[in-house]
Amino acid sequence: MTSTTSPDLTVAERLLAEHGPALTLGGGCTLPDDLVVEIDPGAHLTIGDRVSIRRGSTIQVHRGATVAIGNDVAIGEHTFISAMAGIRIGDGAALSNMVDLHDHNHRPRTAANVPTGQLVPWASGFETAPIIIEPGAILSNKVTVTAGVRIGANTLVGANAVVAHSIIPDTIATGVPAGARRHFDGAPAPREDRRTLTVGFFGTSIMEHLEAYNAQMTTQADLPEVGSKVTVEGWHQRGWVHRLNLSLRAAFPHVGFDIRNHGEGGATSRDIAGIVEADRATTGTDYDLAFLGCGINDVWRRFQNRMSEAVDLDEYTRHLDTMLKQLSGYSRRIIVVSETPFGPIENPGTVAEMNVELARYNEAARAAAAAHGALFLDVWTPFTATARQLAPANDGDAPVSLWSDGVHLTELGDTVLLQQAERILAEHHIVEKLLDYPLLERDAALTTYGPMFAQYRADVS
């Protein structure tokens, strides 16, 4: 763009004259003479009050995108900000010298992306996702932030770091890629548009785990008298899924978790396949994380001589394959959970035979998970190891069991499952990575992420 404005204008006046309504500029800003601002048609740049930008910096806002810089933001020398979807820098944040924020990448030059083989750098198109810098965050010299990343309030990112995944608030992060080094008690800061992760659970009663409910039983100041009777008023879902929900909320208090427990008592893989299909047809929910576990009832029904309900291994494998194909289409991460073994539900010989059969189903689940790029959570091994250690050493010892009836679990059994679920989430940094915004093709990203930036655009009512 060639400027025809008078050299006597201030930097703010020059920018407003060049960009008109595509630029919203607050008062009291300190802007260098050589600041480069490029705003394409349909794009918008908002700069808040008392923003300081040092020399040599560039802000590019490509077609349809938004850059929103909050109040009292400081941006150092030779910083480069380039948006194809949206970049937001919260109030009081600081970007030191030579920081680079790019919310987009070139897509790979695959045959599908470049069907004509055209040899120009942009022929493969771009994928993009927002960058969010929350209030009070500080990015030191030469930090690079990649597409889809959210940096939490008060976070300090050390010099030369490459931030490739989101960082939670009140954190000191360094390195390539940047990782948390420690957390601290952060100063008060506004928490902007809380990130919510949707987590689905598809399985049997081991996931559903219903518990009778009466309000008086949960009110410490109004507990019923010992020996009195209460009426069941309803049912709550408890068990390891409920406790994992609480654990996630405690570990990530800045994140919202929309937990959808579709576990169903007595369900076989045949039933759960129907639940998965019905859920998609009726709710259309996209899941950030989905847990899938089934098989125990498939086996148990045969040993109960309920042959019409039993599901053999071939049919089980087909159902699992179908469910994983479906869930893969609208879930960012899938964890297939093995079944827990049968406990003392029948005579020891029968239980051993049931567990040999159930182990075959678990191995089929492991193979299906690998084929569909899902993680496999083996709870069988730690469960049997714990049960063995808890077995009474002497006939007179009080029994301690992981099972309430040989299939359903006690609180101790639930705790074993909870620990394994927490372990796999921590080992693979699953929640932290899910806080990233998914990369989308450029036009799809504008549609999907546009509402996040609507309030910062003067051209959107």
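Where a number appears in this text, it was derived from the coordinates with a stated rule and is not lab data. Note that this is a predicted model, so its numbers are computed, not measured. For neighbour counting, all protein chains shown are included, and Cβ atoms are generated from backbone atoms with ideal geometry for every residue, glycine included.
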Task: Residues in the stretch 257-281 that a label on Q326 would reach, taking backbone N under 16 Å of a point 7 Å out along Cα→Cβ - done: 261-264, 267-281
Task: 12 Å cut-off, amide nitrogen to a point 7 angstrom out along H372 Cα→Cβ, residues in the stretch 281-295 - done: 290-294
- [ ] Determine ³J(HN,Hα), in whole Hz, for all residues of the stretch 243-254 in sequence, where each value follows from phi through the Karplus function 6.51 cos²θ - 1.76 cosθ + 1.60 and θ = phi - 60°; x replaces Gly and Pro.
- [x] 6, 5, 4, 5, 4, 5, 5, 6, 6, 10, x, 7
TODO: If a/c stays under 1.5 just call it rounded; otherwise compare a/b with b/c (prolate if a/b is bigger, oblate if not). Do that for the stretch 196-409, with a ≥ b ≥ c from the square roots of the Cα gyration tensor eigenvalues.
DONE: oblate
Task: Exposed-loop-free span, longest in the chain, where chymotrypsin sites (Phe, Trp or Tyr not before Pro) count as exposed if DSSP calls them loop and at most 14 other C-beta atoms lie within 10 Å - done: 185-329
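Please report, to one decimal in angstroms, the Kirkwood hydrodynamic radius of the stretch 278-402 built from all distinct Cα-Cα pairs.
Averaging 1/r across every pair of different Cα atoms and inverting gives 16.2 Å.
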- [ ] Can you tell me the FRET efficiency between R360 and S247 if r is taken as the Cβ-Cβ distance and R0 is 35 Å, rounded to the nearest 0.05?
- [x] 0.65
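Please give the per residue volume of the convex hull enclosing the alpha carbon atoms of the stretch 70-152, rounded to a whole number of Å³.
About 84 Å³ per residue, rounded to a whole number.
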- [ ] Determine ³J(HN,Hα), in whole Hz, for all residues of the stretch 45-50 in sequence, where each value follows from phi through the Karplus function 6.51 cos²θ - 1.76 cosθ + 1.60 and θ = phi - 60°; x replaces Gly and Pro.
- [x] 10, 10, 10, x, 7, 6
Open item on the list: Need one number: nm distance between label points at H183 and N214, each 7 Å from Cα along Cα→Cβ, rounded to one decimal.
Closed with: 3.8 nm
Open item on the list: For K433, give me every one of the aspartates and glutamates with a C-alpha distance below 20 angstrom, ignoring sequence neighbours fewer than eight places off in its own chain.
Closed with: D103, E127, E134, D170, E192, D193, D258, D286, D288, E422, E441
Task: DSSP loop GluC sites (Glu not before Pro) with at most 12 other Cβ within 10 Å: longest gap in the chain - done: 234-461
Task: the chain, relative contact order in percent, only Cα pairs under 8 angstrom and at least six apart counted - done: 12 percent
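Nothing charged except the Cβ atoms of Lys and Arg (+1) and of Asp and Glu (-1): what's the magnitude of the dipole of the chain about its Cα centre? Round to the nearest 20 debye. Walk me through the numbers before you get to the answer.
Numbers: 36 positive and 55 negative charges, 174 e Å.
In debye, rounded to 20, the chain gives about 840.
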TODO: Towards the positive end of the charge dipole of the chain, with charges on Cβ (+1 Lys, Arg; -1 Asp, Glu), say which of A153, N305, G20 has the farthest Cα.
DONE: G20
- [ ] Give the order of I87, I53 when sorted by the count of other beta carbons within 10 angstrom, beginning with the fewest.
- [x] I53, I87
- [ ] Go ahead and run the numbers for FRET between A278 and D33, Cβ-Cβ distance against an R0 of 60 Å, rounding to 0.05.
- [x] 0.45
Task: Segment A426-N347, extension gain: residue separation times 0.36 nm, minus the distance between their alpha carbons - done: 24.6 nm
Task: Taking the stretch 196-409 and dividing mean pair separation by its residue count, relative contact order in percent (alpha carbons under 8 Å, at least six apart) - done: 20 percent
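Could you work out the equivalent-ellipsoid semi-axes for the stretch 305-361, taking the square root of 5 times each eigenvalue of the Cα gyration tensor, largest first, in whole Å?
Its equivalent ellipsoid spans semi-axes of 28, 14, 8 Å.
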Task: Förster radius 60 Å - calculated FRET efficiency between A221 and T447, Cβ distance, rounded to 0.05 - done: 0.75
Open item on the list: Please arrange T155, T283 by how many other C-beta atoms lie within 10 Å of their C-beta, fewest to most.
Closed with: T283, T155
Task: Cut-off 15 Å, label 7 Å out along Cα→Cβ of Q455, residues of the stretch 59-89 by amide N - done: 68-71, 88-89
Open item on the list: Please give the Cα centre distance for the stretch 119-191 versus the stretch 336-369, rounded to the nearest Å.
Closed with: 44 Å
Task: Separation of the E13 and D40 label points, Cα + 7 Å toward Cβ, nm - done: 3.2 nm
- [ ] Count the DSSP beta bridges whose two residues both fall in the stretch 66-221, then state the antiparallel fraction as a percent rounded to the nearest 5.
- [x] 20 percent
